[in-house]
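The values are calculated or read from the model by the stated rules, or taken from the named source; none is laboratory data. What you are looking at is a predicted structure, and each value in this text was computed from that prediction instead of being measured. Here Cβ is always computed from backbone atoms with ideal geometry, including for glycine, and neighbour counts include all displayed protein chains.
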Amino acid sequence: MADSSHSTNRQKSRVINGKHTEVILQIYSDRYLVLVTQLGKVGALIQASIPPTAPLLDKVSDPEQPNALSFPEPSPAIEQTPILGRSPSEDLQTLHSLYVAQIATIIWTEEAKLRSDSRRSVVVGLAFAKQAESQQALEREQFESIMTLVYDLVNRR
């Protein structure tokens, strides 16, 4: 059994769409823990895993938006397992699944550049503030900002 008592903790925060947002990356010997919170709590925990034989896909960019951020495409082989809590609605559950898949894919893709065996499970905790109907258009901006924070934390050596 792997010793998971030693870990590395990295944390960043930013105001995104007027909400204080923290992203914490805890690296253990057997998995990663990523907490994304606007509420100061852990939120729903979901574990993402992928078979070691599943390919990691390249970044997808939109030729019509050359200045837009591009992220590696999540593999359809990603398995997500709820650990604790759940999303308050089906729509948010779908959105949370997208966040989990993208966060895990970023970690696996970036770590694969350093280690070929970096397919450790990724546990993601999501706790977002409720958005008003008028703010839902800002969801893409929030998603991109959070993924940028994840990149920053993963690539901080």
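Out of the residues in the range 11-48 that are among the small types (Gly, Ala, Ser) and surrounded by fewer than 17 Cβ atoms within 10 Å (Cβ to Cβ), state the one that is farthest from the chain's Cα centre (by Cα).
The qualifying residue farthest from the chain's Cα centre (by Cα) is 18.
Filtering the range 126-157 down to residues that are outside any helix (DSSP H, G or I) and crowded, with 20+ Cβ neighbours inside 10 Å, which residue is modelled with the lowest pLDDT?
Checking each candidate, the answer is 128.
Taking interchain pairs and intrachain pairs at least six residues apart, which have beta carbon atoms under 9 angstrom, with the first residue in the range 40-56 and on the phi < 0 side of the Ramachandran plot and of a type in the set (Ser, Thr, Tyr) and the second modelled with pLDDT of 90 or more and not in a strand (DSSP E or B)?
49/78; 49/104; 49/120; 53/77
Does the range 118-125 include one or more residues that are in a helix (DSSP H, G or I), touching a strand residue (DSSP E or B) at 6+ places or on another chain (Cβ under 6 Å) and either touching a residue at least 40 places away in the same chain (Cβ under 8 Å) or among the basic types (Lys, Arg) (or both)?
No: the range 118-125 contains no residue that is in a helix (DSSP H, G or I), touching a strand residue (DSSP E or B) at 6+ places or on another chain (Cβ under 6 Å) and either touching a residue at least 40 places away in the same chain (Cβ under 8 Å) or among the basic types (Lys, Arg) (or both).
Kindly list, by first and then second residue, each pair from a residue in the range 68-87 that is hydrophobic (A, V, I, L, M, F, W, C) to a residue that is exposed (fewer than 12 other Cβ atoms within 10 Å of the Cβ) and part of a loop (DSSP other than H, G, I, E, B), limited to pairs with Cβ atoms under 9 Å and residues at least 6 apart or on different chains.
68/62; 77/51; 77/53; 77/55
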